[in-house]
Structures are given as C-alpha cells and as structure tokens.
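What follows is a short report on a single structure.
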Amino acid sequence: MTRLRALTLALIALVLVGPGKKASATKPVDHSSYAAGEVIVKLKRGAPQFDIADVDKRLMTIAQLAGEQSRETIEPSAEPLVRTKASPRTSEIISDRGLDRVFVIKLDQNADVGQIVSELRMRDDVEYAEPNYLVTFGSVIPNDPNFWEQWPLFNSGDTLNECNPNYYATANADIKAYQAWDITVGSPDVIIAVVDTGIDLTHPDIARNIYTNPREIPGNGIDDDHNGYVDDVHGYNVAEQNGDTSDAVGHGTQIAGIIAAEMNNRIGIAGVCQSKILPVRFYRRFGPGPTQYDATIADAARGLLYSIVAGASIINASWRTLLNASDTTEQDALALRDAVQVTSDAGVLLVCIAGNEGFNLDYSRIYPASYGLPNQIVVAASDNNDEIWHPLGDPYTIRSGFGPKSVDLAAPGVSVLTTEAHGNCFLCSQETDPSKWYTCADGTSISAAFVSGVAALVK
C-alpha cells in the first residue's frame, strides 16, 4: 500500500398531437453547434408511446412527435439512443437513468430544429428535448521520434526538441514516470477506452497494446459474445455501427500513443502505461475529403455506454461539445449528462478536458467536464516549466481551461511528442516510413491522456 501511495502521489500530483402541453422558456439555439435536422428527445416514464408493442410502430409514433413542420420533404424517423441490450447490471443502470427512453429523431436537413425543440419541450410526455449538439476534440498542433524527447516523462531541463526549440525547460518538471515504472508499467488487464476519432490500429508503436476481444470472431458478421455489438474485435464504431475503429481524423491515435505506446520495443516513444487501449470511435466521415467528418453528443453518449459494456475501467474523453461556454446552462446537453451519470453509476473513471480556450470553468461550462460528477477528473494543460499553458513569452494569455473549483489538476500538454496516424485523414501523416509516424501536439486533450495513463498505473 505504501508503494501504491507513493506512486499515486508522484504522478497525480501533476498538476405529434396528443397529451396536453406545458409552458417552457427556452433560449435561442445556435445553429452552428448542432447536427442539421436532428433532435434528441427523452420521454417520461409511462409515456403512451411505450404502450405500443410493435417496435417499428413505436418508433414511427415517436418520430411523429416532431410535428407537421418536420415532414415538409421527408418523413422523419426515430432511433433509440441505446441500440443494444447490455448485461443485466448495466441495463439496470441505463434504465435507472432513463437512457432507454432517449431517442434521436432525424428530420429534413432544413427543418427548424429550434422551433421543433421548443414545441417538444411543451409536451407533457417529454422529459427533455434538445438539438443533437456537435462535439469537437481538443485542438492539436502537429509537427515530428525517442524517449529523451518526451519531456513530460523525463525533463532534463534542456531546450526542447524540434517540437519547439524556443522553449526552455525546468529540470524535473515532469510526471516522474521513470520512477513509477520501477514499481509498475501497468497491467494488460486494465482496459482504457479512448472514446474519440478512432485509432490507427496498424501503428507499430500502438498495435500490440490495442485491446482484442477474445470472445469475438473477426469479420463473420455475428455477435459472437452476445454483447449487442457485431464484430467488436478491437473496439467499436458507434457512429456507423460496425467494427471499423480506424482513425477518421487522427486525434485518437495521438491520445493512444501518450497513454500506451509500446515500451522497450526499440522504436519511437514510450506510453505512460502498458495497459490495453480500447478504441471507441464516435466520429464519422461523410465524404472523401480529410476534413469531412463530424460527431454528435448522441454518438458520444453511445461511445460511453459501449465502453462500459466492453469492460473499460477508465474512459479518456479528450473532447467537448461545441456549445458556447459563456452561455451554456445546466439544461444543455442533457442526453450526454445522462450517459456520463451512467459511467459514474458503473464505477468507471472518466477523464475530461478543461478545454483549449482559456475559460474559467468556475464561471463557464463546457461539457462533459462541467457535469461535476464524482467519477470525473477534469484536466488542464501545463508546460515544461510547470506553468499553465500559455503562448511563449506571454504568461498573461492562458490557453488552457482552468478553475480552482472545477478543474482537478494539470498535466503536460505543450509540445508533446506522440504517435501519428497515417493515411487519408485530417491529422494523418502521408509518410510511408513508419519511423516518421510521430508528431508534436499541444492541448488539454494531450494532458487528459497523461492522466488516463497514470490512472491505469495505479488501478
């Protein structure tokens, strides 16, 4: 226990027509922050729609709640947020939080989502309604390999590597990883879900630390382990409902490398731990271009739920909603809140970012960080001098989110060397030489990954 406590201190000290209506005051909806033509609705317990035994008819009735305005060009459809059956315990938690009563209604792309949401909120059978808000990962700044260049793990005080040669470092301003490794490098039995853009499963510095589901047969189109997800061999793509967890953007690969890049393999970098990474992709590509991607809170919520079903004890959530932090309220992103509450009920640690916009989260809200649940760790970014992330030479402009009451700690997030996906994606390398599939990145996304890795070490 003494050794475990020492390790913990060394590392975590980082820094339709129907029922009657009710009045409901709503604020204007920012059209740039949600998916066009999509609405999330949570029905109350005992809502009459649940009396319809036929599932297809029930979903059709729920879709029609959106009203006549939604059917100008296409017929609306509805799909449950929770698409599969989980284990009895997880199903109980999901039901207790009412996520089995949450549906995504898909409308014409030009439908007035704000008006439809307002009308739905006035219904007596609706607990809440909201747009399907978009999600963005914490921004990153790519560049290009070696342990001695990983200042967050070992900071000698020298000028930084090619990531940023103009930064001067403070010796020992690191997470003391090399001391922790004398005690443990992490157990492969610990599963860390990276709920993100996907992961490059072929990267030579990550491949051996990717989780493999031993009860699933690859590519047979059958749910062999009966967990509700077909072919989830190396995680799952909840956005497109298949086993393709390749990186749609490149962000998830950067996170995975920090957490668990393979150690002592004579290539590239070392991750904080040697536990297993579970890729959970909730980003989707909607065109061939590398920037044609998006993600919604409905799919983010599904990613969190899948992580629980798959057995993750830690979830890394290096992303936030696109809601304006300055006027976001407790009544926004409620479906995502419900999913985060399920992770808390299930006893799963959720590591969240404080954001890269310099908001004081004691007064501004970003989700999921600002839900304030007991299983959440909210992480700010620090630099190689143990200072909060700020531009070089300008200590008064803070880039990292912060807040004495709302942010739990800071971890390295400036000029950090990590793994890079390769292929046709926004943050992908076009190099053919695997030794060049590395990049430098900034941001609280990176910081959260360090904390997830540390959490795996002490698990």
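I'm told residue 417 meets every condition in (1) surrounded by fewer than 19 Cβ atoms within 10 Å (Cβ to Cβ); (2) of a type outside the set (Ser, Thr, Tyr); (3) within 23 Å of residue 177 (Cα to Cα) except one. Can you identify the failing condition by its number?
Looking at each condition in turn, residue 417 falls short on (1).
Just give me the residues in segment 277-298 being within 20 Å of residue 311 (Cβ to Cβ) and either surrounded by fewer than 24 Cβ atoms within 10 Å (Cβ to Cβ) or touching a Gly at 6+ places or on another chain (Cβ under 8 Å) (or both), in sequence order.
Listed by number, the residues that qualify are 278, 279, 280, 281, 282.
Among 382, 364, which is among the hydroxyl-bearing types (Ser, Thr, Tyr), touching a strand residue (DSSP E or B) at 6+ places or on another chain (Cβ under 7 Å) and either over 20 Å from residue 323 (Cα atoms) or surrounded by fewer than 24 Cβ atoms within 10 Å (Cβ to Cβ) (or both)?
After applying the criteria, what remains is 382.
Quick one: how many residues across segment 206-229 are crowded, with 19+ Cβ neighbours inside 10 Å and of a type in the set (A, V, I, L, M, F, W, C)?
2
Can you pull out every residue in segment 291-314 that is among the hydroxyl-bearing types (Ser, Thr, Tyr) and in contact with a strand residue (DSSP E or B) (Cβ under 9 Å, 6 or more places away or on another chain)?
293, 296, 306, 307, 313
If you go through segment 428-450 one residue at a time, do you hit one that is among the β-branched types (Val, Ile, Thr), part of a helix (DSSP H, G or I), touching a strand residue (DSSP E or B) at 6+ places or on another chain (Cβ under 9 Å) and at pLDDT 95 or above?
yes
This table checks each residue for (1) in contact with a helix residue (DSSP H, G or I) (Cβ under 9 Å, 6 or more places away or on another chain); (2) under 16 Å from residue 318 (Cβ atoms); (3) of a type in the set (S, T, N, Q).
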position	(1), (2), (3)
356	yes, yes, yes
362	no, no, no
367	yes, yes, no
381	yes, yes, no
385	no, no, yes
389	yes, yes, no
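Which residue out of 327, 299 is of a type outside the set (Phe, Trp, Tyr) and either under 30 Å from residue 88 (Cα atoms) or at pLDDT 95 or above (or both)?
The unique qualifying residue is 299.
This table checks each residue for (1) part of a strand (DSSP E or B); (2) touching an Asp or Glu at 6+ places or on another chain (Cβ under 8 Å); (3) over 16 Å from residue 47 (Cα atoms).
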{"residue": "61", "(1), (2), (3)": "no, no, no"}
{"residue": "75", "(1), (2), (3)": "no, no, yes"}
{"residue": "93", "(1), (2), (3)": "no, yes, yes"}
{"residue": "117", "(1), (2), (3)": "no, yes, yes"}
{"residue": "127", "(1), (2), (3)": "yes, no, no"}
{"residue": "132", "(1), (2), (3)": "yes, yes, yes"}
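Scan (1) within 19 Å of the chain's Cα centre (by Cα); (2) within 22 Å of residue 176 (Cβ to Cβ); (3) not acidic (Asp, Glu) for the single condition residue 274 breaks and write down its number.
(1)
Filtering segment 177-216 down to residues that are hydrophobic (A, V, I, L, M, F, W, C), farther than 20 Å from residue 284 by Cα and not in a loop (DSSP other than H, G, I, E, B), which residue is farthest from the chain's Cα centre (by Cα)?
Top of the filtered list is 180.
Run residue 258 past the list (1) within 16 Å of the chain's Cα centre (by Cα); (2) farther than 21 Å from residue 182 by Cα and report the number of the one that doesn't hold.
Among (1) within 16 Å of the chain's Cα centre (by Cα); (2) farther than 21 Å from residue 182 by Cα, the lone unmet condition for residue 258 is (2).
Yes/no matrix, rows are residues, columns are (1) of a type in the set (S, T, N, Q); (2) out of contact with any helix residue (DSSP H, G or I) (no Cβ under 9 Å at 6 or more places or on another chain); (3) over 24 Å from residue 244 (Cβ atoms):
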{"position": "268", "(1), (2), (3)": "no, no, yes"}
{"position": "272", "(1), (2), (3)": "no, no, yes"}
{"position": "289", "(1), (2), (3)": "no, yes, no"}
{"position": "302", "(1), (2), (3)": "no, no, no"}
{"position": "333", "(1), (2), (3)": "no, no, yes"}
{"position": "342", "(1), (2), (3)": "no, no, yes"}
{"position": "345", "(1), (2), (3)": "no, no, yes"}
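Restricting the search to segment 77-89, which residues are surrounded by fewer than 18 Cβ atoms within 10 Å (Cβ to Cβ) and not in a loop (DSSP other than H, G, I, E, B)?
77, 79, 80, 88, 89, listed by residue number.
Of all residues being of a type in the set (D, E, K, R) and in contact with a Pro (Cβ under 8 Å, 6 or more places away or on another chain) in segment 77-107, which is farthest from residue 58 (Cα to Cα)? Just the residue, please.
Residue satisfying both the conditions and the ranking: 106.
Pick from segment 396-427 the residues that are of a type in the set (Gly, Ala, Ser) and in a loop (DSSP other than H, G, I, E, B): which of them is farthest from residue 362 (Cα to Cα)?
423
Inspect segment 99-106 for any residue being modelled with pLDDT of 85 or more, of a type in the set (A, V, I, L, M, F, W, C) and assigned to a helix (DSSP H, G or I) and give the result as yes or no.
Taking every residue of segment 99-106 in turn, at least one turns out to be modelled with pLDDT of 85 or more, of a type in the set (A, V, I, L, M, F, W, C) and assigned to a helix (DSSP H, G or I).
Give me the pairs: first residue in segment 442-459 and at negative phi, second residue surrounded by fewer than 24 Cβ atoms within 10 Å (Cβ to Cβ) and in a helix (DSSP H, G or I), beta-carbon distance under 6 Å, and six or more apart or on different chains, which are they?
454/11; 457/180; 458/7; 458/8
Considering each of 320, 302, 281 in turn, give the residue that is within 13 Å of the chain's Cα centre (by Cα), among the charged types (D, E, K, R) and within 29 Å of residue 388 (Cα to Cα).
320
Before we move on, is residue 434 surrounded by fewer than 22 Cβ atoms within 10 Å (Cβ to Cβ) and either within 13 Å of residue 268 (Cα to Cα) or more than 25 Å from the chain's Cα centre (by Cα) (or both)?
So residue 434 passes the test.
The values are calculated or read from the model by the stated rules, or taken from the named source; none is laboratory data. What you see is a predicted model, and the numbers here were worked out from it, not measured in a lab. Here the Cβ is made from the backbone with ideal geometry for all residues, glycine too, and neighbour counts use every protein chain on show.
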